[in-house]
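The values are calculated or read from the model by the stated rules, or taken from the named source; none is laboratory data. Note that the structure is a prediction, hence the values are computed from the model and not measured. Cβ placement follows ideal geometry from the backbone for every residue including glycine, while neighbour counts extend to all protein chains displayed. We work out accessible area using only protein heavy atoms, side chains counted, and drop any ligands, DNA or RNA first. Shrake-Rupley method; radii C 1.70, N 1.55, O 1.52, S 1.80 Å.
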Amino acid sequence: MPRSYVKEARRPVGRRRDRIRPIIDRLAVEHADAQIALTFRSPLELLVSVMLSAQTTDVNVNRVTATLFEKYRAPEDYLAVPQQELERDIFATGFYRQKAKSIRGTMRMLLEEYDGEVPRTIPELVRLPGVARKTANVVAAELGDAQGIVVDTHVRRLSQRLGLTHQEDPVKIERDLVKLVPRADWARFPHLLIWHGRRVCDARRPRCEDCVLVDLCPSSRV
Ligand code: SF4
């Protein structure tokens, strides 16, 4: 289990229901440029990019996909080469054997069951080999129909520090967040927390003195 930040949230700052709107609004002003950092031109490229992004950085994925997507343009292309060739082409993203296997299995299912198109619903997306709920949530949100809230390491940490959840498990954290965050904000909310986490609310040394949420945050150190 990764480190917990639940116990840091000790200051009385009011009910989470009353704080969520100003939290979103202030972060939206502060991080107006917050958006997905992966580069893609189609739903298929989005899906592959998100699958490749497990356990590595978005910058690294973009570096690999810049050439990958010139070679692999349709689901058939991923199946037209031996698995070892695909493994070589995605090697730099790490865990390349498992990722190549998942991508090929996913392409097969797309062709057999979805006419080669990327499905849009979470239940359909999580049926694809190697596609977990987090990946499905990212894809659905970026395709314009968020059906949940992406919980990554930053979203987990900030939700705990901001006292929006007392849970540790990402699935339970998401359950708390979807009850709290207005549906219209489901897609951008994780991006706001991720960018705030990267720029201000660092895991080890949060810069509370520079944070726009200081009066709304039960974990503030100033
Ligand atoms: S940086 Fe902001 S969000 Fe993070 S703990 Fe400090 S006040 Fe809270």
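Quickly work out the ARG127-to-ARG73 label distance, labels modelled 7 Å from Cα along the C-beta direction, and quote it in nm with one decimal.
2.9 nm
Hey, can you rank 35-41, 49-55 by average C-beta count inside 10 Å, highest first?
Averaged packing, sorted descending, gives the order 49-55, 35-41.
At a 1.4 Å probe, what is the % contribution of carbon and sulfur to the accessible area of segment 111-222?
50 percent
I want to check the label-to-label distance for ASP25 and ASP115. Put each point 7 Å from Cα in the C-beta direction and report it in nm to one decimal.
4.4 nm
Enumerate the calculated ³J(HN,Hα) couplings along segment 40-55 in order (Karplus 6.51 cos²θ - 1.76 cosθ + 1.60, θ = phi - 60°), each rounded to whole Hz, writing x wherever the residue is Gly or Pro.
7, 10, 8, x, 5, 5, 4, 4, 5, 4, 5, 5, 6, 7, 4, 6
If you place +1 on the Cβ of every Lys and Arg, -1 on the Cβ of every Asp and Glu, and leave all else neutral, what size is the dipole of the chain about its Cα centre, to the nearest 20 Debye?
It works out to roughly 1200 debye.
Helix 58-71 versus the longest principal axis of the chain: what is the Cα-based angle in degrees, 0 to 90, to the nearest 10?
Between helix and principal axis, roughly 20 degrees.
Work out how much length GLN84 to LEU143 would gain on full extension: take 0.36 nm times their residue separation and subtract the Cα-Cα distance, in nm to one decimal.
18.2 nm
What number comes out for the charge environment of LEU110, summing +1 per Lys or Arg and -1 per Asp or Glu over other residues with Cβ under 11 Å away? Write out the running numbers ahead of the final one.
Working: positive: ARG104, ARG108, ARG127; negative: GLU76, GLU112, GLU113, ASP115, GLU117, GLU124.
It works out to a net charge of -3.
Just to verify a number: FRET efficiency for HIS166 and ARG198, C-beta to C-beta distance, R0 = 25 Å, to 0.05?
0.55
Quick one: net charge of LEU216's neighbours, Cβ under 12 Å, K/R +1, D/E -1?
+4
Starting from the alpha-carbon convex hull of the chain, give the projected area averaged over all orientations, in nm².
Details: hull surface 48.4 nm².
Mean shadow area of the hull around the Cα atoms is 12.1 nm².
Roughly speaking, to the nearest percent, how much of segment 19-77's 1.4 Å accessible area is carbon and sulfur?
54 percent
Towards the positive end of the charge dipole of the chain, with charges on Cβ (+1 Lys, Arg; -1 Asp, Glu), say which of MET109, ALA28, VAL6 has the farthest Cα.
Towards the positive end, the residue furthest out is VAL6.
Highest first, please rank the peptides 68-75, 152-159 by the mean number of other Cβ atoms sitting within 10 Å of their residues.
Top of the packing list down: 152-159, 68-75.
Any idea what angle helix 96-113 forms with the longest principal axis of the chain, computed on alpha-carbon atoms, 0 to 90 degrees, nearest 10?
So the helix axis and the longest Cα principal axis differ by about 70 degrees.
What list of ³J(HN,Hα) values in whole Hz, one per residue of segment 122-136 in order, does the Karplus curve 6.51 cos²θ - 1.76 cosθ + 1.60 (θ = phi - 60°) give from phi, with Gly and Pro shown as x?
Karplus-based 3J(HN,Hα) across segment 122-136 equals 4, x, 6, 5, 6, 6, 5, x, x, 9, 8, 4, 5, 4, 4 Hz.
Could you state the number of Å between the C-alpha centres of segment 59-116 and segment 196-217?
Their Cα centres are 37 Å away from one another.
Given only helices, namely DSSP H runs of n ≥ 4 each adding -39500 (n - 2.57), what is the per-residue ellipticity at 222 nm of the chain, to the nearest 500 deg cm²/dmol?
Mean residue ellipticity at 222 nm (helix-derived): -15500 deg cm²/dmol.
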